[in-house]
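Student: What follows is a single structure, and I will ask about it in a moment.
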Amino acid sequence: MLVAVVDRSGRGGTRKVKAAFEEVTEKYAAHGLALRLPVTAEIARMAIMGASKSTSDRHTLFVSARAVESDLLDGLIAHEMGHMLRTEAGHPSHNSEVFGALQHEVKIPRAAEGAFGQAFNHIQDVYADDLSFLVFATDGSDRAYEFFAAWVDGNTSAGGTNRWQNIGLATSNGFAIGNLLRHKLIASNDKLWDLARSFDQKSGFSLVDDLAAFYANLPSDPAPAAFVGEVKRLAQLMSRAAAT
């Protein structure tokens, strides 16, 4: 239940956010999915499209002013609501007890912490999108593909200043393509594969195919131990690329 929408950007949009939230809520309800905890939404000036934060008694949805003015507002809300639903359900990807186990089980170099943190966030994104795509990617439009295509294009154009930064960008490419692959929204001969592979080649490693397969084939509802094993496998893929 949405209990409040607050505009901290000074650019308005509270009614639009409320209407989009209610529409997404209805679409989730058609699949038997509903949040138990109250949600407060905040429109803010932020670099990313949006985010969310969950506690034991509430959720907070952060929406950028840019997202409010875009045609992806419903997709953003569906995605963040996917994170909230996964948190409430105690899914291993959103479970604090599992996070504790990961700290003991997964070993990465200090230099890799930023790239690996991003890669783990993408695991959470995959599981959130397994839900959000039920309500967002079913209208016959190319919005989901276009969003992730722009992501790959931006990553491959930017480039990092060191090897681990480039591995982080390659991991984001693998997630974007893998997520599309998981939901059958990309063909094997799509130009995004060539873009991502070219980026890998210039960076001195070959990673995107393995990463796309990793994200595309994550088990939908793993036991905690199995989930920890998947995260360890991701760390191994990234570490091997760093060592080549």
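Student: When the range 1-49 is examined, which residues are found to be farther than 15 Å from Leu134 by Cβ, part of a loop (DSSP other than H, G, I, E, B) and among the aliphatic types (A, V, I, L, M)?
Tutor: Residues satisfying the conditions are Met1, Leu37, Met46, Ala47, Ile48, Met49.
Student: Yes or no: Phe175 within 22 Å of Gln124 (Cα to Cα), touching a His at 6+ places or on another chain (Cβ under 8 Å) and free of Cβ contacts under 8 Å to residues at least 60 places away in the same chain?
Tutor: yes
Student: Residue check, Ser70 against (1) part of a loop (DSSP other than H, G, I, E, B); (2) farther than 21 Å from Phe147 by Cβ, all met but one. Which one?
Tutor: (2)
Student: Here is a list: Ile123, Ile77, Ile108. Which entry is outside the structural domain of Leu35 (by TED's automatic domain parsing), closer than 24 Å to Asp221 by Cβ and touching a residue at least 12 places away in the same chain (Cβ under 8 Å)?
Tutor: Exactly one of Ile123, Ile77, Ile108 is outside the structural domain of Leu35 (by TED's automatic domain parsing), closer than 24 Å to Asp221 by Cβ and touching a residue at least 12 places away in the same chain (Cβ under 8 Å), namely Ile123.
Student: Also, quick follow-up: Please go through the range 186-244 and pick out each residue that is surrounded by 14 or more Cβ atoms within 10 Å (Cβ to Cβ), of a type in the set (Val, Ile, Thr) and assigned to a loop (DSSP other than H, G, I, E, B).
Tutor: Listed by number, the list holds a single entry, Ile186.
Student: Could I ask something else about it? Taking the range 83-127 as the search range and keeping residues that are crowded, with 19+ Cβ neighbours inside 10 Å and of a type in the set (D, E, K, R), which one is farthest from Ala51 (Cα to Cα)?
Tutor: The qualifying residue farthest from Ala51 (Cα to Cα) is Arg86.
Student: Then there's this: Within the group Ser132, Ser141, Ser206, which residue is free of Cβ contacts under 8 Å to residues at least 60 places away in the same chain, more than 24 Å from Asp71 (Cα to Cα) and among the polar types (S, T, N, Q)?
Tutor: That would be Ser206, the only listed residue that is free of Cβ contacts under 8 Å to residues at least 60 places away in the same chain, more than 24 Å from Asp71 (Cα to Cα) and among the polar types (S, T, N, Q).
Student: Still on this structure, I have one more. Which residue pairs have Cβ atoms closer than 8 Å, lie 6 or more positions apart in sequence or on different chains, and pair a first residue in the range 6-35 that is assigned by TED's automatic domain parsing to the domain that holds Asp71 and free of Cβ contacts under 8 Å to residues at least 60 places away in the same chain with a second residue that is part of a loop (DSSP other than H, G, I, E, B) and hydrophobic (A, V, I, L, M, F, W, C)?
Tutor: Matching pairs, first to second residue: Thr25/Ala34; Thr25/Leu35; Leu35/Met1.
Student: Continuing with the same structure: Out of the range 82-95, which residues are touching a residue at least 60 places away in the same chain (Cβ under 8 Å) and part of a helix (DSSP H, G or I)?
Tutor: Pro92, Ser93
Student: Please go through the range 36-48 and give me each residue that is at pLDDT 95 or above and either surrounded by 14 or more Cβ atoms within 10 Å (Cβ to Cβ) or outside the structural domain of Leu85 (by TED's automatic domain parsing) (or both), ordered by number.
Tutor: Leu37, Val39, Thr40, Ala41, Glu42, Ile43, Ala44
Student: Would you mind stating whether Leu169 is buried (at least 20 other Cβ atoms within 10 Å of the Cβ), within 17 Å of the chain's Cα centre (by Cα) and farther than 25 Å from Lys27 by Cα?
Tutor: So Leu169 passes the test.
Student: Out of all the residues in the range 51-94, which are closer than 18 Å to Gly117 by Cα and out of contact with any Ser or Thr (no Cβ under 8 Å at 6 or more places or on another chain)?
Tutor: Hits for the range 51-94 are Ala51, Pro92, Ser93.
Student: Any residue at all in the range 84-98 that's among the polar types (S, T, N, Q), closer than 22 Å to Phe120 by Cβ and in contact with an Asp or Glu (Cβ under 7 Å, 6 or more places away or on another chain)?
Tutor: Checking the range 84-98: not a single residue is among the polar types (S, T, N, Q), closer than 22 Å to Phe120 by Cβ and in contact with an Asp or Glu (Cβ under 7 Å, 6 or more places away or on another chain).
Student: Mind listing whichever residues of the range 214-238 are touching a helix residue (DSSP H, G or I) at 6+ places or on another chain (Cβ under 7 Å) and of a type in the set (Gly, Ala, Ser)?
Tutor: Ala216, Ser220, Ala235
The values are calculated or read from the model by the stated rules, or taken from the named source; none is laboratory data. Computed from a prediction, not measured in an experiment: that's the story for all the values here. In this analysis, Cβ positions are derived from the backbone assuming ideal geometry, glycine residues included, and neighbour counts consider all displayed protein chains.
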